[in-house]
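Colleague: The structure that follows is given in the form of structure tokens.
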Amino acid sequence: MIVLLSRRTLASLRKGLGGCGGKTDSGSLPSRLLRTFRLSLSLPPLRTERADLRCQRTMALLEVCGAPRGQRDSWALPALDSDLRSDPGHYSFSMCSPELALPRGMQPTDFFQSLNGNGESNVQIEMAHGTTTLAFKFQHGVIVAVDSRASTGSYIASLRMNKVIEINPYLLGTMSGCAADCQFWERLLAKECRLYYLRNGERISVSAASKLLSNMMCQYRGMGLSMGSMICGWDKKGPGLYYVDENGTRLSGNMFSTGSGNTYAYGVMDSGYQHDLSPEEAYDLGRRAIVHATHRDSYSGGVVNMYHMKEDGWVKVESTDVSDLMHKYQEASQ
Amino acid sequence: MSIMSYNEGDVMAMKRKDYVAIAANRRFGIQTQMVTMDFQKIFPMGCRLYISLARLATDVQTIAQRLKFRLNLCELKEGRQIKLYTLMSMVANLLYEKRFGPYYTEPVIAGLNPKTFKPLICSLDLISCPMVTDDFVVSGTCSEQMYGMCESLWEPNMDPEHLFETISQAMPNAVDCYTVSGMGVMTHVIKKDKITTRTLKPRMD
């Protein structure tokens, strides 16, 4: 429902809402809004049942327009002065995410600069996307393959980290970059996808899910997050594959690879990719790309975790050690 | 990235009463990219003498070649095989010549004396401080991991096969815990009558 309002109407609407903050007027907030709305349009007041329906539509409209809600003082920087939880409402395609607390006057990027070893500090945290993940579409769906090494600096923290988050049976998200950032924001995305399903009775599309994640990244742009993710799924439009970055980049495509080993993986994938691969050939391509990338790149390794996104959901194809595979390929070529 | 970890390298040597073992990993890489898996880091300097060098690859090769030149000259002048302590002093002198612009490598020397067959292992830092020990020495980018493995696994009374088993468990497990390391280990076990060289099958990531 789109309602075109004149500028005068919008101005009086905003004035009415601005006056709502902090005052104890008579009546509930929606009915106050409705009175303001109707007064601005010079219409007589309605009876209560129709009033509530109109209230809900107004609230949805106002949320899309970006008008401030009742109690919020200033919402320019959501990280400051905030004591709010996300309001339940209709389609929350806005940037409705929990705010992270920040001390007054602090610049978030200073935290990482102090740890970069530029100054006197000896601690060095390298925010590199240390991994290899890839995904490509073909005629039977989407193949997702990731490695499993988690490194802290040069030390291998874990060889068995799962870098694919299973959002729902029809959506997968991969993680590369800072492990903490990826895990937090993709679990938040999973929550939003579930809420969408509960509110609207149907599964979220891949396009919308990737847009939600991209909006979350845009909100925290420039603050030092590090995340490179691919959202893969199957919705009403067929297989979907989107790449989402910490800068808010969101790209749709047929083939992506992220992480420090992505150049090696692209080389192998580009030389073997065709749209009409059989599933076995596609598994072999994904496997080879990850194995060769882990062989050359120091920050990738462990096992290949491979998923196949089909029309009726994803299946986990395999979890194979890259070292055994590499030995097998070398023996086969001799 | 610092110059010492530009091309990484890891070396370890262990000593027993009559024999020594020396091991080095075989990766040659440039920062995070692996280039080759068969880079030589252990160089024979005599009948039962081995020197192994880690860290910057260009200095590894330069020092090995310069040392071999000086060693050949010395043996020609004296007409006999060099002793281990003398070799260690020669390496220390070579490194200290560049005290204010050093070679970025930390050698490890292991071997048996020519006449007495007494074993010796020692390591030197990049500006030539020698350190002689009775159990093991390590050098390289993942030295902390190697110290941990050696402290856990080294025992005083080991026969040659047990020594080989120990070093071939300590070295790969240490380097596999480190991202810019690994890709295979070459080991030499040096006894009075023979030298056994083995290459260990690596993790390929």
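Colleague: For segment B:150-194, give me each residue that is within 12 Å of chain A (Cβ to nearest Cβ) and aliphatic (A, V, I, L, M). Steps first, answer last, please.
Modeller: First pass over segment B:150-194, keeping only residues within 12 Å of chain A (Cβ to nearest Cβ): B:172-184.
Across segment B:150-194, the qualifying residues are B:ALA174, B:VAL175, B:VAL180, B:MET183.
Colleague: Hey, among the residues in segment B:1-19 that are of a type in the set (A, V, I, L, M, F, W, C) and surrounded by fewer than 24 Cβ atoms within 10 Å (Cβ to Cβ), which one's farthest from the other protein chains (Cβ to nearest Cβ)?
Modeller: Here the residue is B:ILE3.
Colleague: Checking B:LEU200 against (1) within 11 Å of chain A (Cβ to nearest Cβ); (2) touching a helix residue (DSSP H, G or I) at 6+ places or on another chain (Cβ under 7 Å): exactly one of these is not met. Which one?
Modeller: (1)
Colleague: What tally of residues in segment A:270-303 results from selecting those that are away from chain B (no Cβ under 14 Å), assigned to a loop (DSSP other than H, G, I, E, B) and not hydrophobic (A, V, I, L, M, F, W, C)? Show your work before the answer.
Modeller: Keep residues of segment A:270-303 that are away from chain B (no Cβ under 14 Å), which gives A:270-286.
Now drop any that are not assigned to a loop (DSSP other than H, G, I, E, B), which leaves A:273-278.
The next check asks that each one be not hydrophobic (A, V, I, L, M, F, W, C); those that pass are A:273-276, A:278.
Selection size over segment A:270-303: 5.
Colleague: May I ask you to say which residue of A:ILE231, A:ILE167 is within 26 Å of A:ALA289 (Cα to Cα), in contact with a helix residue (DSSP H, G or I) (Cβ under 7 Å, 6 or more places away or on another chain) and at pLDDT 95 or above? Even if it seems obvious, please write down each step before you answer.
Modeller: Numbers: A:ILE167 fails: at pLDDT 95 or above.
Every option except A:ILE231 fails the conditions.
Colleague: If you don't mind, there's one more thing I want to ask. Return only the number of the condition from (1) under 27 Å from B:TYR96 (Cβ atoms); (2) assigned to a loop (DSSP other than H, G, I, E, B); (3) not aliphatic (A, V, I, L, M) that B:GLY111 does not satisfy.
Modeller: (2)
Colleague: Select from segment A:245-269 the residues that are of a type in the set (Phe, Trp, Tyr) and either within 14 Å of another protein chain (Cβ to nearest Cβ) or assigned to a helix (DSSP H, G or I) (or both) and write down the one among them that is surrounded by the fewest Cβ atoms within 10 Å (Cβ to Cβ).
Modeller: A:TYR266
Colleague: Let me ask something else. Using the structure shown, decide if B:VAL137 is closer than 18 Å to B:ASP38 by Cβ, touching a Cys at 6+ places or on another chain (Cβ under 8 Å), in contact (Cβ under 8 Å) with a residue 40 or more places away in the chain and of a type in the set (A, V, I, L, M). Give the steps one after another, and end with the answer.
Modeller: Details: closer than 18 Å to B:ASP38 by Cβ: no; touching a Cys at 6+ places or on another chain (Cβ under 8 Å): yes; in contact (Cβ under 8 Å) with a residue 40 or more places away in the chain: yes; of a type in the set (A, V, I, L, M): yes.
Criteria not met by B:VAL137.
Colleague: Inspect all residues belonging to segment A:235-243 and state whether any of them is within 22 Å of A:SER148 (Cα to Cα) and either in contact with a Cys (Cβ under 9 Å, 6 or more places away or on another chain) or part of a loop (DSSP other than H, G, I, E, B) (or both).
Modeller: In the first step, residues of segment A:235-243 are kept if they are within 22 Å of A:SER148 (Cα to Cα); the result is A:241-243.
Narrowing further to those that are either in contact with a Cys (Cβ under 9 Å, 6 or more places away or on another chain) or part of a loop (DSSP other than H, G, I, E, B) (or both): A:241-242.
The answer is yes, given that some residue of segment A:235-243 is within 22 Å of A:SER148 (Cα to Cα) and either in contact with a Cys (Cβ under 9 Å, 6 or more places away or on another chain) or part of a loop (DSSP other than H, G, I, E, B) (or both).
Colleague: Go through (1) within 14 Å of chain A (Cβ to nearest Cβ); (2) surrounded by 23 or more Cβ atoms within 10 Å (Cβ to Cβ); (3) assigned to a strand (DSSP E or B) one by one and return the number of the condition B:VAL137 breaks.
Modeller: (1)
Colleague: I'm checking my understanding of the structure. Among residues of segment A:304-334 that are surrounded by 21 or more Cβ atoms within 10 Å (Cβ to Cβ) and of a type in the set (Phe, Trp, Tyr), which one is farthest from the other protein chains (Cβ to nearest Cβ)?
Modeller: Here the answer is A:TRP314.
Colleague: Run down B:MET45, B:MET34, B:MET4 and say which single residue is among the aliphatic types (A, V, I, L, M) and within 15 Å of B:LEU124 (Cα to Cα). Spell out the reasoning first.
Modeller: Working: B:MET45 fails: within 15 Å of B:LEU124 (Cα to Cα); B:MET34 fails: within 15 Å of B:LEU124 (Cα to Cα).
So the residue among B:MET45, B:MET34, B:MET4 that is among the aliphatic types (A, V, I, L, M) and within 15 Å of B:LEU124 (Cα to Cα) is B:MET4.
Colleague: Does any residue in segment B:113-133 that is buried (at least 19 other Cβ atoms within 10 Å of the Cβ) come within less than 6 Å, Cβ to Cβ, of a residue that is among the basic types (Lys, Arg) and in a strand (DSSP E or B) six or more places away or on a different chain, and which pairs are these?
Modeller: These pairs meet every condition: B:PRO119/B:LYS15; B:ILE121/B:LYS15.
Colleague: Can I ask one more? So which pairs qualify, if the first residue must be in segment B:29-46 and farther than 20 Å from B:MET1 by Cα, the second must be among the charged types (D, E, K, R), the Cβ gap must be under 6 Å, and the two must be at least 6 apart or on different chains?
Modeller: These pairs meet every condition: B:MET37/B:ARG26; B:ASP38/B:ARG26; B:PHE39/B:ARG26.
Colleague: Can you tell me which of (1) closer than 17 Å to A:VAL142 by Cβ; (2) touching a Phe, Trp or Tyr at 6+ places or on another chain (Cβ under 8 Å); (3) surrounded by fewer than 16 Cβ atoms within 10 Å (Cβ to Cβ) is the one A:VAL206 doesn't meet?
Modeller: (3)
Colleague: Further question: Report whether or not A:ASP276 is of a type in the set (Asp, Glu), more than 19 Å from the chain's Cα centre (by Cα) and under 20 Å from A:THR131 (Cα atoms).
Modeller: On the way: of a type in the set (Asp, Glu): yes; more than 19 Å from the chain's Cα centre (by Cα): yes; under 20 Å from A:THR131 (Cα atoms): no.
Taking the combined requirement at face value, the residue does not satisfy it.
Colleague: Among the residues in segment A:114-123, are any touching a helix residue (DSSP H, G or I) at 6+ places or on another chain (Cβ under 9 Å), hydroxyl-bearing (Ser, Thr, Tyr), assigned to a loop (DSSP other than H, G, I, E, B) and modelled with pLDDT under 65? Break it down stepwise before answering.
Modeller: Filtering segment A:114-123 for residues touching a helix residue (DSSP H, G or I) at 6+ places or on another chain (Cβ under 9 Å) gives A:119, A:121, A:123.
Of the ones still in play, those that are also hydroxyl-bearing (Ser, Thr, Tyr) are A:121.
Narrowing further to those that are assigned to a loop (DSSP other than H, G, I, E, B): A:121.
Retained after the next criterion (residues that are modelled with pLDDT under 65): A:121.
Yes: segment A:114-123 contains one or more residues that are touching a helix residue (DSSP H, G or I) at 6+ places or on another chain (Cβ under 9 Å), hydroxyl-bearing (Ser, Thr, Tyr), assigned to a loop (DSSP other than H, G, I, E, B) and modelled with pLDDT under 65.
Colleague: For B:ILE190, are the conditions met, namely being out of contact with any strand residue (DSSP E or B) (no Cβ under 7 Å at 6 or more places or on another chain) and among the β-branched types (Val, Ile, Thr)? Steps first, please.
Modeller: Numbers: out of contact with any strand residue (DSSP E or B) (no Cβ under 7 Å at 6 or more places or on another chain): no; among the β-branched types (Val, Ile, Thr): yes.
No: the conditions fail for B:ILE190.
Colleague: Next up: Name every residue in segment B:64-104 that is among the charged types (D, E, K, R) and surrounded by fewer than 18 Cβ atoms within 10 Å (Cβ to Cβ), in order of residue number. Lay out the reasoning, then the answer.
Modeller: Filtering segment B:64-104 for residues among the charged types (D, E, K, R) gives B:66, B:68, B:70, B:75, B:77-78, B:80, B:83, B:97-99.
Once the filter is applied, which keeps residues that are among the charged types (D, E, K, R) and surrounded by fewer than 18 Cβ atoms within 10 Å (Cβ to Cβ), segment B:64-104 yields B:ARG66, B:LYS68, B:ARG70, B:GLU75, B:LYS77, B:GLU78, B:ARG80, B:GLU97, B:LYS98, B:ARG99.
Colleague: (1) in contact with an Asp or Glu (Cβ under 6 Å, 6 or more places away or on another chain); (2) of a type in the set (Val, Ile, Thr); (3) not in a loop (DSSP other than H, G, I, E, B): which one isn't true of B:VAL180, the others all being true?
Modeller: Every listed condition holds for B:VAL180 apart from (3).
Colleague: Separate question: A:ARG199 - would you say it is within 17 Å of A:GLU166 (Cα to Cα) and not in a strand (DSSP E or B)? Break it down stepwise before answering.
Modeller: Values: within 17 Å of A:GLU166 (Cα to Cα): no; not in a strand (DSSP E or B): yes.
No.
Colleague: Within segment B:30-52, take every residue that is over 20 Å from B:LEU73 (Cβ atoms) and outside any strand (DSSP E or B) and give me the one that is farthest from the other protein chains (Cβ to nearest Cβ).
Modeller: B:ARG48
The values are calculated or read from the model by the stated rules, or taken from the named source; none is laboratory data. Computed from a predicted structure; not experimentally measured. Because the Cβ atoms are built from the backbone with ideal geometry, glycine has one as well, and the counts that use them run over all protein chains shown.
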